[in-house]
Amino acid sequence: MAETTGPGHATELARQASNEHRQLVVACGGDGTLNEIVNGLATSQNGSRPALALLPGGTANILAKEINLPWDIPSAAEKLVRGEIREIALGLATPLQQPEKKKYFLA
C-alpha cells in the first residue's frame, strides 16, 4: 500500500509495481489519480503489466460511472473480489510540437 504525495507520484508508483512484477494495482482515487496510474502502467518497459482495479474516489470518476461501479468503496471492493479482468482500450495523445509529452488516456 502506498499513498501518493503529489503530482506524478501515482505514475511513479504504478511503474514501480510493474517493474516489481506485481499482479494487481488497486487505485483509490479520482480521474487524475487513475490517469497517472494508467500512464505509469502503459509506459512500463519490462513486458509486465499488472491488472488495474478501481475503488472510486475524487470528484467525478468518469470510468467508475461508465462501468457502473458502485460509488461507495465497500460496495466497489466487494465487486473487486468477485470481478473478472477485462481489457480496456487506451488512447494516446501526442502533441505535434512536443512528442515526448505524450499521454495515455482511457478511451
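Kindly provide the set of residues from the range 68-86 that are closer than 15 Å to LEU24 by Cβ and either in contact (Cβ under 8 Å) with a residue 24 or more places away in the chain or open to solvent by 80 Å² or more (accessible area, probe 1.4 Å) (or both), ordered by number. Result: LYS79, LEU80, VAL81, ARG82, GLY83, GLU84, ILE85, ARG86.
The numbered conditions (1) closer than 17 Å to TYR104 by Cβ; (2) in contact with a helix residue (DSSP H, G or I) (Cβ under 7 Å, 6 or more places away or on another chain) are all true for ALA51 except (2). Taking the range 87-107 as the range and being touching a residue at least 12 places away in the same chain (Cβ under 8 Å) and in contact with a Lys or Arg (Cβ under 7 Å, 6 or more places away or on another chain) as the test, the residues that pass are LEU92, ALA93. Only residues that are open to solvent by less than 80 Å² (accessible area, probe 1.4 Å) and in a helix (DSSP H, G or I) were counted across the range 87-107, and they come to 1. Among the residues of the range 33-58, those that are within 22 Å of PRO7 (Cβ to Cβ), of a type in the set (Ser, Thr, Tyr) and in a loop (DSSP other than H, G, I, E, B) comprise THR43, SER44.
The values are calculated or read from the model by the stated rules, or taken from the named source; none is laboratory data. Nothing here was measured: the structure is a model prediction, and the numbers come from that model. We place every Cβ from the backbone using ideal geometry, glycine too, and count neighbours over all the protein chains shown. For the accessible areas, the whole protein counts, side chains as well, though only heavy atoms, and no ligand, DNA or RNA atoms are used. Shrake-Rupley method; radii C 1.70, N 1.55, O 1.52, S 1.80 Å.
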